[in-house]
Amino acid sequence: MPSSHDYIKDKRNNKIKIFVNNKYLTRDKANISVFDSGFLLGDGVWSGIRFHNNKFLFLKDHLDRLFDDAKKIDLKMHLSKKEISKILFNTIKINKMKTDVHIRLVVSRGIKSTPYQDPAFTISKPTIVIIPEYKQPQESVYKRGLILKTVKTIRGPHNVQDPRINSLSKLNCIIACIEAKKQKADEALMFDINGNIATNNSTHFFYVKNNCVYTSTGKYCVKGITRQKVVDLCKKNKIKVYERNFKLKDVLKADEAFVTGTFANIIPVKKINSKKFNLRKNQITIKLRNLYLELMER
C-alpha cells in the first residue's frame, strides 16, 4: 500500500555521515547513550527539512519552530539558530550532497545521571543529531493517492501533551497510525477533543469543496511548515482558503482532499473511510501542487 513517506531507496545512504554532538559518524557508529533523554523519555524536539537544488527549503521557518518548541518544554538550547544553521550546511558539505535530501534534525534534553523524568537529573548539554539522507518520494503515490481512515485515538488537550509541539514523544500518533494500518489505510485521520477533524498522524489534512480549500484551525496539530505554505499559496493565487473547525460529515461531502508534509509536499487522497474521490477531477489539488513545486524552485 502507498504511504505519504514512501521513498526511493538510494545506495548512497549507506555511506552518509551523521552529525552527533560535534562528531560526524557513519550509520553503524552513529550512536547515543542509553541514558539520553530522547531514548529514555522521548524528551526533546525535532524537525524534518528538505535540501533541494543546493538550498534548504524554508530553513528559517523550521528553526523558528524548533526553538519555539524547545522553549515550550523548557529545553535550553546551548547553540543559536545561526550555529545550528552552520552545522546543517556543514553536514551537507561533508556528505557532498546537492539535492533530493531529507534532513532529520533532533534535539534531546541531554544525558541523564539516572533514568528519572526530572530535568534536574540531566548532566549534559542537549544532544543534537542531524541525519541527512537521499530521499525522493515514490512518484506513484501522487497518481494512486492515499487512503485515510478515522480512528479512536484523538489529538489531546493542550494541558495533557500539547499536540502543537513537534516533540520526540510520538506515541499518540504511533497508536493512531497502528489503528489506521489495521484498517488497511495509509494514515489515520484524527479528531480533536471537540469532535472536529484535527490532522493526520504524520501529515496535515485539507479538503476542497466548491473550489474552496479547508483545513483545521491548527489548535490541535503541529505547526506545519508545508501546511502554512499551502495556505499562503491559496491566498496569493486567489483560491479561497479557510482555517476553521469542521466535522467528518463535512469532509465526506468534499470534492477533493489532500495531505501536506515536508517530505512529499502535497499528496492527493483517494479514499476516506467509505468515501471515494476521483483523482482525475482534483483540479485544485493539482494546481496547488504545481504552485508549491514552483515555490520550491524559487
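The values are calculated or read from the model by the stated rules, or taken from the named source; none is laboratory data. Owing to the predicted nature of the structure, the values given are computational and were not obtained by experimental measurement. Neighbour counts are summed over all protein chains in view; Cβ atoms, including those assigned to glycine, are modelled from backbone coordinates with ideal geometry.
Note on the stretch 152-162: residues that are of a type in the set (A, V, I, L, M), surrounded by 15 or more Cβ atoms within 10 Å (Cβ to Cβ) and without any contact (Cβ under 8 Å) to a residue 40 or more places away in the chain amount to 0. Applying the selection to the stretch 61-80, what residues are touching a residue at least 12 places away in the same chain (Cβ under 8 Å), assigned to a helix (DSSP H, G or I), basic (K, R) and out of contact with any Ser or Thr (no Cβ under 8 Å at 6 or more places or on another chain)? Answer for the stretch 61-80, where residues must be touching a residue at least 12 places away in the same chain (Cβ under 8 Å), assigned to a helix (DSSP H, G or I), basic (K, R) and out of contact with any Ser or Thr (no Cβ under 8 Å at 6 or more places or on another chain): just K72. Filtering the stretch 106-140 to residues that are modelled with pLDDT of 95 or more, closer than 30 Å to K93 by Cβ and in a strand (DSSP E or B) leaves V106, V107, S108, I111, T127, I128, V129, I130, I131, P132, E133, Y134.
This table checks each residue for (1) modelled with pLDDT under 95; (2) surrounded by 16 or more Cβ atoms within 10 Å (Cβ to Cβ).
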residue: I8; (1), (2): yes, no
residue: D43; (1), (2): no, yes
residue: F67; (1), (2): no, yes
residue: M77; (1), (2): no, yes
residue: E83; (1), (2): no, no
residue: N95; (1), (2): no, yes
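Residue-by-condition table, conditions (1) under 27 Å from V101 (Cα atoms); (2) assigned to a loop (DSSP other than H, G, I, E, B):
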site	(1), (2)
T199	yes, no
V213	no, no
Y220	no, yes
C234	yes, no
A254	no, yes
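For the stretch 22-37, the criterion of being under 20 Å from the mean Cα position of the chain (by Cα) and surrounded by 13 or more Cβ atoms within 10 Å (Cβ to Cβ) is met by none of the residues. Selection of first residues in the stretch 43-55 that are not assigned by TED's automatic domain parsing to the domain that holds V107 and of second residues that are acidic (D, E), restricted to Cβ pairs under 6 Å at least 6 apart or on distinct chains, gives an empty result.
Could you please find all residues in the stretch 13-38 being part of a helix (DSSP H, G or I) and free of Cβ contacts under 8 Å to residues at least 60 places away in the same chain? Break it down stepwise before answering.
In the first step, residues of the stretch 13-38 are kept if they are part of a helix (DSSP H, G or I); the result is 13-15, 27-29, 37-38.
Scanning the stretch 13-38 gives N14, K15, R27, D28, K29.
Have a look at I193, I178, I165, I174 and point out the one that is free of Cβ contacts under 8 Å to residues at least 12 places away in the same chain and within 30 Å of L40 (Cα to Cα).
Values: I193 fails: free of Cβ contacts under 8 Å to residues at least 12 places away in the same chain; I165 fails: free of Cβ contacts under 8 Å to residues at least 12 places away in the same chain; I174 fails: free of Cβ contacts under 8 Å to residues at least 12 places away in the same chain.
The conditions single out I178.
Scanning the stretch 81-101 turns up no residue that is free of Cβ contacts under 8 Å to residues at least 40 places away in the same chain, under 26 Å from L171 (Cβ atoms), in a helix (DSSP H, G or I) and among the basic types (K, R).
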